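A short worksheet on the structure shown next.
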Amino acid sequence: MDMKVTDNDMSFMKRALALAERARGKTSPNPMVGAVIVKNGKVIAEDYHKKAGEPHAETLAILNAGDKAKDATLFVTLEPCCHKDKRTPPCTEKIISSGIKKVISAMKDPNPKVSGKGIAELEKAGIQTITGVLEEKARRLNESYVKYITTGAPFVILKVAMTLDGKIAAPDGESKWITGEKARKMVHRLRGSSDAVMTAIGTIRADNPMLTCRVSGYKNPVRIIIDPHLETSPDSHVASCPPETIIVTMGANDKEFMWKKFKEKGISFIAYQSKELDLAWLMRELGKLSITSLLVEGGSSLSSYCLEAGIVDKVMFFIAPKIIGNRDSYPAVGGKSFRKLEDAYRLRDVKTRRIGEDILVEGYISK
């Protein structure tokens with residue numbers, strides 16, 4: 001196995017990663033993948049996976065290259081697939097038949113059906129392979145896929161919009177608009193890049209949100225509403241389908257007529273029997289529905305509940321240059337319990353940036 005990596009190799013892989021990024025929010029439950037074919041130091045073909053069920057990036061790039069693919073090098077952001085338990089043929093077969101002599105991939109596929117087997121199949125056919133070029137960038141690109149395929153649960157982002165003094169609403173519940181237009185537009189893109197967005201009945205009653213993506217080129221996420229006692233109004237925005245809405249409620253409630261009314265509107269349910277909702281269980285149930293990424297947009301209590309349950313992978317706090325004050329204003333993270341400073345939730349890989357007049361602080365929960 002030739003492990004020598006050049007600056008040009010890095011450059012071509014960056015190009016493949018940029019191609020993969022174009023499909024953000026469109027390939028789930030598949031990963032985003034980009035492929036670049038290089039011969040004599042020049043790109044002769046490139047493409048990216050556009051949608052689950054459609055040809056993979058490697059196949060598209062090879063088709064674009066035609067006979068020129070012989071003796072070329074393929075740069076791909078994820079190990080080529082080799083299994084047949086899917087709607088498209090194995091990419092390894094296409095690569096081998098094309099005459100490509102070398103494959104450089106950013107990372108192994110964490111899918112147990114592939115994980116190293118694709119690389120082994122290529123090497124068995126006499127193709128040189130290198131794996132791990134810009135691996136960290138590739139993992140970040142497909143962080144939702146990586147978690148979903150290895151745990152069966154979605155990657156969870158907790159989004160909060162708050163003032164400089166850590167408030168998300170005034171004492172009377174007023175919260176529109178804490179952040180500016182650019183930050184709100186970014187949140188819409190976040191929704192459009194996520195399989196689902198989750199909130200709770202308190203937010204539905206207070207704001208009657210649509211929870212849709214209002215940026216062109218993006219899809220609407222599935223709406224997950226935590227509503228233990230089925231108090232969502234049939235006239236609320238989330239009760240209008242499409243997009244799809246799933247209400248998470250207690251199975252032992254006495255509102256059968258409401259169940260029927262909502263089902264007639266196209267709304268589905270996830271029912272639980274315990275007194276309190278187990279969020280870890282809910283994440284596994286969402287995973288069974290092929291939801292690989294989840295954006296949490298709720299109030300103080302839901303944010304606290306998600307953190308305490310340990311389901312949050314990443315946080316994105318949008319901080320507006322405003323001060324509300326008052327002890328009765330709603331804090332960003334509520335709940336009845338708290339953590340001592342030495343046990344506080346800690347973030348790693350923290351980044352800060354300006355979004356219009358606001359500041360975005362994002363990072364991953366250390367676990």
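The values are calculated or read from the model by the stated rules, or taken from the named source; none is laboratory data. It should be emphasised that the depicted structure is a prediction, and the values quoted were computed from it without experimental measurement. Backbone-built Cβ (ideal geometry, glycine too); neighbour counts: all protein chains shown. Heavy atoms of the whole protein, side chains included, go into the accessibility calculation; ligands, DNA and RNA do not. Shrake-Rupley method; radii C 1.70, N 1.55, O 1.52, S 1.80 Å.
Key figures for this structure:
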{"quantity": "Cα-based shape type of the stretch 200-254, given that a ≥ b ≥ c are square roots of the gyration tensor eigenvalues and the cut on a/c is 1.5", "calculated": "prolate"}
{"quantity": "The stretch 292-367 versus the stretch 196-271: alpha-carbon centroid distance in Å", "calculated": "24 Å"}
{"quantity": "P(r) of the stretch 220-331 over all Cα-Cα pairs, binned every 10 Å from zero, in whole percent", "calculated": "11, 39, 34, 14, 2"}
{"quantity": "Å³ per residue enclosed by the Cα convex hull of the stretch 89-164", "calculated": "122 Å³"}
{"quantity": "Viscosity 0.890 mPa s, 25 °C: Kirkwood-radius Stokes-Einstein D of the chain over Cα pairs, µm²/s", "calculated": "110 µm²/s"}
{"quantity": "Extension gain (nm, one decimal) between A125 and A18, 0.36 nm per residue minus Cα-Cα", "calculated": "35.6 nm"}
{"quantity": "Nearest-0.05 FRET efficiency for E231 and K182, computed from C-beta distance (R0 30 Å)", "calculated": "0.30"}
{"quantity": "Spin-label zone in the stretch 303-330 - amide nitrogen under 11 Å from a point set 7 Å from the Cα of D172 along the C-beta vector", "calculated": "none"}
{"quantity": "Potential lengthening between Y345 and T88 on full extension [0.36 nm per residue; Cα-Cα distance subtracted]", "calculated": "88.3 nm"}
{"quantity": "Calculated on alpha-carbon atoms, Rg and Dmax of the stretch 145-214 in Å", "calculated": "14.2, 43"}
{"quantity": "For the stretch 9-166, size of Cβ-based charge dipole, Lys and Arg +1, Asp and Glu -1, in debye", "calculated": "220 debye"}
{"quantity": "Net charge contributed by nearby residues that have their C-beta within less than 14 Å of V43 (K/R +1, D/E -1)", "calculated": "+2"}
{"quantity": "The stretch 151-277 - convex hull of alpha carbons, volume per residue in Å³", "calculated": "143 Å³"}
{"quantity": "Computed [θ] at 222 nm, helices only, for the chain once each DSSP H run of length n ≥ 4 contributes -39500 (n - 2.57)", "calculated": "-8500 deg cm²/dmol"}
{"quantity": "Neighbour count of at most 16 Cβ within 10 Å plus DSSP loop: longest chymotrypsin sites (Phe, Trp or Tyr not before Pro)-free window in the chain", "calculated": "1-176"}
{"quantity": "Probe 1.4 Å, protein heavy atoms only - accessible area per residue of the chain in square angstrom", "calculated": "50 Å²"}
{"quantity": "Beta bridges by DSSP in the chain, antiparallel share as percent, to the nearest 5", "calculated": "40 percent"}
{"quantity": "Cα-Cα over 25 Å, subset of K219/K263; K275/K340; K147/K340; K182/K322; K50/K351; K147/K288", "calculated": "K275/K340; K147/K340; K50/K351"}
{"quantity": "Only Lys, Arg (+1) and Asp, Glu (-1) charged, at Cβ; the chain dipole about Cα centre in debye", "calculated": "680 debye"}
{"quantity": "Highest-MSF residue in the chain out of N111, N220, N326 [GNM, Cα springs under 10 Å]", "calculated": "N326"}
{"quantity": "Euclidean distance between Cα centres, the stretch 19-48 to the stretch 82-156, Å", "calculated": "13 Å"}
{"quantity": "Solvent-accessible area, 1.4 Å probe, carbon plus sulfur percent, for the chain", "calculated": "50 percent"}
